[in-house]
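The values are calculated or read from the model by the stated rules, or taken from the named source; none is laboratory data. Given the structure is predicted, the values throughout are model-derived calculations rather than measurements. Ideal geometry is used to build each Cβ from the backbone, glycine not excepted, and the neighbour counts take in all protein chains shown. Ligands, DNA and RNA are stripped out before the accessible areas are found, and what is left, the full protein with its side chains, is counted by its heavy atoms. Shrake-Rupley method; radii C 1.70, N 1.55, O 1.52, S 1.80 Å.
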Amino acid sequence: MRRRSIQRIGMALLAAAAVSLTLSTPTAAKPDAGTPMQWREVFSPDGTITKMYLPREQTATQLAPADVVAQADVVTIQYSGLSSQRFDMVFIGDGYTATEMDTLRKHAQAKWDEIAASAPWNKYKSFINVWLVNVISNESGVDNDPSPGVNRDTALDMYLWCNNIERLLCLNEAKARQYANQAPGVDAIVAVGNTAKYGGAGYRDLSTVSGANVLSGQIALHELGHSVGGLADEYYTPGTTYSGGELLAPNATTDSTGQKWASYLGRSTPDGGVIGAYQGGEQYEYGIYRPSQDSLMRSLNKPFNLVGLDVMDRAISAKISGGSTG
Ligand SMILES: [Zn+2]
């Protein structure tokens, strides 16, 4: 049931991405005909986010028979109740050897602490199960760290310089999901890489982050906005215009009066200012409006705006039963 709802959100995001594809490719280099392409978010340490249309990386999304992963120990970082009545956050690691499981635990705990301290997760932190799958790698670290060409034998094949972008931290998604599914429940997955270099990436309900980099946890917080809340991006590429129909996401609209979030208009918002209809969002500068000037869905190190906050609150609480958060 919970996986199906994540898939539905994922499908909605894919549908939104497909709409975007047909309209413009603002940051795309001209690909060779037939090259599989995909949108990828690229995050900067200063908090800015851009979306780029890039060749699909070589790593498999379908599990090859030779890639069936080993059974791993699942560690409980926090248990709050039956998975059927809780939100299950699953951490997995890559580039941690058998003797580095304590380091993985510390890195995962730090990312969870950061998520748990931010709204609205802080409200529900005692009603979330947090699991860590002790994925053991043969070698320590990730590929292309500190520089391209450095290769390591790791369980999830994580690598920086994905698509020639230094901070884009990709992995073998099929292997990652198979490991994550060893946890008792899965509502969101955070894959922690054993590197101190700033980096990360989003794969719908799965995000990657640099384990030893304190800034990279923000990437997971932004991606959870997509996968848990179905929120749209609120940043845009200058010079782009959207001309399609109304968007599915609760925080993006083609209506310049912001009627989609009418009851919020004029209210103050945690990211500053008041809720309104600000032009620019879901990658387009013109034709789409967002609820606030600069929320987490636009820039890292910011809170959700009031609209996003309530959407997230409802989405998380919907997975929780058998206890009151009050
Ligand atoms: Zn995003």
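Couple of notes before you dig in:
- Extension gain (nm, one decimal) between T76 and D46, 0.36 nm per residue minus Cα-Cα: 7.5 nm
- Each other residue within a Cβ distance under 14 Å of K106 adds +1 if Lys or Arg and -1 if Asp or Glu, for a net charge of -2.
- Highest-MSF residue in the chain out of Q218, Q85, Q279 [GNM, Cα springs under 10 Å]: Q85
- Charge sum, other residues only, whose C-beta stays under 11 Å from Y236's C-beta, Lys/Arg counted +1 and Asp/Glu -1: -1
- Among R86, R267, R105: highest mean-square fluctuation, GNM of the chain, C-alpha pairs under 10 Å: R267
- Contour excess over end-to-end distance, with Cα ends at T237 and Y286 and 0.36 nm allotted per residue: 16.7 nm
- Carbon plus sulfur fraction of accessible area for the chain, probe 1.4 Å, in percent: 52
- Overall form of the chain per C-alpha gyration tensor (a/c, 1.5; a/b vs b/c): oblate
- Rounded to 5, percent antiparallel among DSSP beta bridges of the stretch 128-275: 50
- Under the Karplus curve 6.51 cos²θ - 1.76 cosθ + 1.60, θ = phi - 60°, whole-Hz ³J(HN,Hα) for the stretch 191-204, x wherever Gly or Pro sits: 9, 9, x, 7, 8, 9, 6, 4, x, x, 6, x, 10, 6
- A188 long-range amide H proximity, modeled H, under 5 Å: D88, V90
- Ligands, DNA and RNA are left out, and with a 1.4 angstrom probe the accessible area of the chain is 42 Å² per residue.
- Per-residue SASA entry for D113, accessible area with 1.4 Å probe, Å² rounded to 10: 80
- For the stretch 77-89, putting each phi into the Karplus relation 6.51 cos²θ - 1.76 cosθ + 1.60 with θ = phi - 60° gives couplings of 7, 7, 10, 10, x, 4, 4, 5, 10, 9, 7, 10, 9 Hz, in residue order, rounded to whole numbers and with x for Gly and Pro.
- Placing +1 on the Cβ of every Lys and Arg and -1 on the Cβ of every Asp and Glu, with no other charges, gives the chain a dipole of roughly 780 debye about its Cα centre.
- The peptide list 116-129, 236-249, 290-303, put in order of mean Cβ contacts within 10 Å with the highest first, becomes 290-303, 116-129, 236-249.
- Taking amide hydrogens as placed 1.01 Å from N in the peptide plane, the amide H of G281 sits under 5 Å from those of I288, each at least 5 positions away in sequence or on another chain.
- In this structure, S84 and A110 have a Cβ-Cβ separation that, at R0 = 22 Å, corresponds to a calculated FRET efficiency of about 0.20.
- Under 5 Å, built H, 5+ apart or other chain: amide partners of Y203: T208
- Classification of the stretch 209-326 by its C-alpha gyration tensor yields an oblate form. The axis ratio a/c (a ≥ b ≥ c) is 1.5 or more, and b/c is at least a/b.
- Between Q38 and N138, the modelled labels are 2.5 nm apart [label points 7 Å from Cα along Cα→Cβ].
- Per-residue HN-Hα couplings for the stretch 243-253 [Karplus 6.51, -1.76, 1.60; θ = phi - 60°; Hz; x = Gly/Pro]: 10, x, x, 4, 8, 6, 4, x, 10, 8, 8
- Relative contact order computed over the stretch 141-277 (Cα-Cα under 8 Å; 6+ residues apart), in percent: 13
- Shown is the FRET efficiency for A117 and A318, computed with R0 = 22 Å from the Cβ-Cβ distance and rounded to the nearest 0.05: 0.50.
- For the chain: relative contact order, % (alpha-carbon pairs under 8 angstrom, 6 or more apart): 18
- Cα-based shape type of the stretch 169-270, given that a ≥ b ≥ c are square roots of the gyration tensor eigenvalues and the cut on a/c is 1.5: prolate
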